[in-house]
Amino acid sequence: MYNLTAKMYDGNNKLMEDAGEFVVHVTDINDNSPVFPRTYNGSIMERSKIGTKVVEVRATDADDPTTANGELRYSLRPEGDRSVFEIDSFTGMISSRTDSLDRETKGQYVVVVQAQDTRGMASGSTATTSVTLTVMDLNDNMASFTKQLYELQVPENHKLKEKIGTLLLEDRDQIQNKDPIFTITPPFNSIFDVESSTSKDGNLMLKQALDYETKSSYSFSVHVRENNFQFPADNKDTALTKTQVNIRVIDVDEPPVFSKAIYNFNVMEETIVTNIGAVTARDPDKANKSIRYSIEDKDCPIGINPITGQLSTLRKLDRELKATHIFQVKAEEEPSGLQSFVKVNVLVQDINDNEPELDVDEIFVCENDRAETVIGTLKALDEDDQIPYFSFYLTKKNDNFSLIDNKNNTADIKVKQGTFSLDDPRDYSLEVGISDGGRPPKSSVTRLPIKVCRCDARRVQTQCKAATLRMGVSVHALIAILLCILTILVIVILIVLRKRYKKETLAGMKNSGEIHEQLVTYDEEGGGEMDTNGYDVSILTSARHDGSILQPPHPSLYAMVQKPHHHAPPQACKGDMAVMIEVKKDEADHDRDGFPYDTLHIYGYEGPESLAGSLSSLDSSSTGSSLDYDFLSEWGPRFRTLAELYGVDGSDSHSPY
């Protein structure tokens, strides 16, 4: 429709007047086809009632909707599944035509919707679209076992709450709608259980430990049913809801089994107990192998018999040091080596073996304290576990103070008579005895010092005189102290005696007139006579005037001997010196570790009857010697140097050096 305005003009093309307005109506023709603006899909629950709406399909047409050209009609094409669904021709709403939709039979349908203008007349334009309709699942199928019999094997040491096997199920419903419940016939339901797996099958689980020696096989039935079942099952007549399970237990070599999960024993302290109790284990297998027991804990004061498991104390136990001993006992099969462990608690029971101890603060007496004044209250401590009943008493009579036992594990110290003064040089103390009343009773005596103080009116100290320290030493401590002192005294006496012996030995050596020679080591090969120029032969060992000889037991050094300056006429006499040289020569010949032939031994021995006399220059002049040493040249090359040192060359009367 259009709105138009008409105007009139004369021949000169001048506007004469308005002719008025006109309305022009445009008549529609069917020149547009219907159009579906989008794709349509829908879903419906299986087993829904007839007429259940699924989805509404709409198309558009650009022609005048008030005319037949724009009026649309909807229908289902025969190439789709129109036997199950229908469509409202005016609204395009698709709904079900049956209540027997079954997802397990067919889960999806496709219908073809046609939209036609001109009110559906054959001359009208059309458009089509495919609509996918999905059937949604319900729990309307019963779970069914896939087999009537399950044969399973399980070792006897299978762990609890672990799967033995799987009982497979068949259920046509989707997994979110599967909800099986399993039951086992009694009494086997106390030993086994069936749990639903993630795939909704049945996992057979172990609830109770198995023992091949007790029972080697099991046979029972398992039932299954659906939880939250919504409709009568399609397969109620064919579903297998019961199956038979046969289980064969396999024997394995098991470790020892203790008779208890934990052992508790009691033992008296301070006693050696040979029979605390026994820890027992057995081989659960038919072989019934022997078992050995041991305690792995180091420094454990408890021992065990490796055959019987009998426990005993290795040393006396002290409850005050450790009240409970906890350790593990190992049981090991022989010869397999299988092991088991068990915890053992040994509780040490208390006996009255500790002396009571005085528990008191500092006690003081004021100068102006009168008779019957309580100057302090005594208490006691006892490390024993027994309930003590302390009694207090004075072991020595005291003229100044008295002790009153209050019969409640305390005692008061009272002034018996005064007076007291800081200027008084005396010290005051009490010998307090305490008994704990145990079985057997234990007692102790403690010296309690009491200091004298100057106090104000409220008995507050202003000035005090120091009192001697309280001494409380046990008998064991005194014995230990005395033993230490005795040990120190013995050591001191031994040291003094040793020093005295050394001193007397040195004095005796000096009185004997022994003169030690100066020893010079000579361990170089070849000649070496010129190296002895600095040697003083005047300090060689000489014989004592009484004719006795002091010979070193083991001469071990080498002396460098200086060649004499003058040679005396030879004398062909061999004395003890020659014999000694022969002996030393023989020793040197047979000594594998000996020095080369041109070295000299230390000859610290001089024969008392030698015609050569003394070699020392202390009793002779240094001008010469009347001894003849030419015989040394007859002893071979090893004594050639010695012969040259003491020989006479005849042409030379002065020293060769």
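Note on the range 109-254: Rg/Rh from Cα positions, Kirkwood definition for Rh, rounded to two decimals, is 1.35. By a 1.4 Å probe calculation restricted to protein chains, Arg82 has an accessible surface near 110 Å², given to the nearest 10. Counting Lys and Arg as +1 and Asp and Glu as -1, what is the net charge of the other residues whose Cβ lies under 14 Å from the Cβ of Gln153? Summing Lys/Arg as +1 and Asp/Glu as -1 gives -1.
Once fully extended, how much extra length lies between Lys343 and Ile181, figured as 0.36 nm per residue of separation less the alpha-carbon to alpha-carbon distance?
Going from the current span to full extension adds 54.1 nm.
What area, in nm² and to one decimal, does the C-alpha convex hull of the range 209-335 cast on average over all directions?
Values: hull surface 56.3 nm².
About 14.1 nm², averaged over all directions.
If the convex hull of the alpha-carbon atoms of the range 362-423 is projected onto planes in all directions, what is the mean projected area in square nanometres?
Details: hull surface 20.7 nm².
That works out to 5.2 nm².
Would you mind getting me the FRET efficiency between Ile50 and Val112? Use the beta-carbon distance for r and R0 = 22 Å, nearest 0.05. Could you put the intermediate results ahead of the total?
Numbers: r = 21 Å, r/R0 = 0.98.
Once rounded, the FRET efficiency stands at 0.55.
Computing FRET efficiency as 1/(1 + (r/R0)^6) for Val252 and Asn406, where r is the C-beta to C-beta distance and R0 is 60 Å, gives about 0.25.
How far, in nm, would the chain grow between Thr241 and Asp88 when pulled straight, counting 0.36 nm per residue and subtracting the alpha carbon separation?
Numbers: separation 153, 0.36 × 153 = 55.08 nm, distance 4.50 nm.
Gain in length upon complete extension: 50.6 nm.
Quick check of the Kirkwood formula: for the range 41-119, what is the inverse mean of 1/r over all pairs of different Cα atoms, in Å? Present the calculation step by step, with values, prior to reporting the outcome.
Details: mean 1/r = 0.0745 Å⁻¹.
Final number for the Kirkwood radius of the range 41-119 is 13.4 Å.
Here the gap between Arg638 and Thr132, fully extended at 0.36 nm per residue and compared with their Cα-Cα distance, gives a gain of 169.0 nm.
Protection proxy ranking of 55-62, 416-423, 481-488, by the mean of other Cβ atoms within 10 Å over each peptide's residues and highest first, is 55-62, 416-423, 481-488.
Taking every pair of alpha-carbon atoms in the range 340-446, give the share separated by more than 20 Å as a whole percent. Write down the numbers at each step before the final one.
Values: 2780 of 5671 pairs.
When all Cα pairs of the range 340-446 are counted, 49 percent exceed 20 Å.
Within the shell of other residues whose beta carbon sits under 14 angstrom from the beta carbon of Lys163, the net charge comes to -1, with Lys and Arg scored +1 and Asp and Glu -1. Per residue, the range 189-322 exposes 56 Å² of solvent-accessible protein surface, assessed with a 1.4 angstrom probe and all protein chains in place.
Give the calculated FRET efficiency between Ser199 and Glu296 to the nearest 0.05, with a Förster radius of 45 Å applied to their Cβ-Cβ distance. Mind dumping the intermediate values first?
Values: r = 47 Å, r/R0 = 1.04.
FRET efficiency, Ser199 to Glu296: 0.45.
The modelled label-to-label distance for the pair Glu372/Glu213, using points 7 Å beyond Cα in the direction of Cβ, is 8.2 nm.
For the range 366-425, the Cβ-based charge dipole about the Cα centre amounts to some 280 debye (Lys, Arg positive; Asp, Glu negative; other atoms uncharged).
Separation of the alpha carbons by more than 31 angstrom is noted, of Lys106/Lys242; Lys416/Lys442; Lys200/Lys286; Lys322/Lys379; Lys396/Lys465, for Lys200/Lys286.
Spacing of the modelled spin labels on Leu422 and Arg458, each 7 Å from Cα toward Cβ, amounts to 2.0 nm.
The values are calculated or read from the model by the stated rules, or taken from the named source; none is laboratory data. Predicted model, so just to flag it, every value in this text is computed and none were measured. Methodologically, a virtual Cβ is constructed for each residue, glycine included, from the backbone with ideal geometry; neighbour enumeration extends over all protein chains shown. Heavy atoms of the whole protein, side chains included, go into the accessibility calculation; ligands, DNA and RNA do not. Shrake-Rupley method; radii C 1.70, N 1.55, O 1.52, S 1.80 Å.
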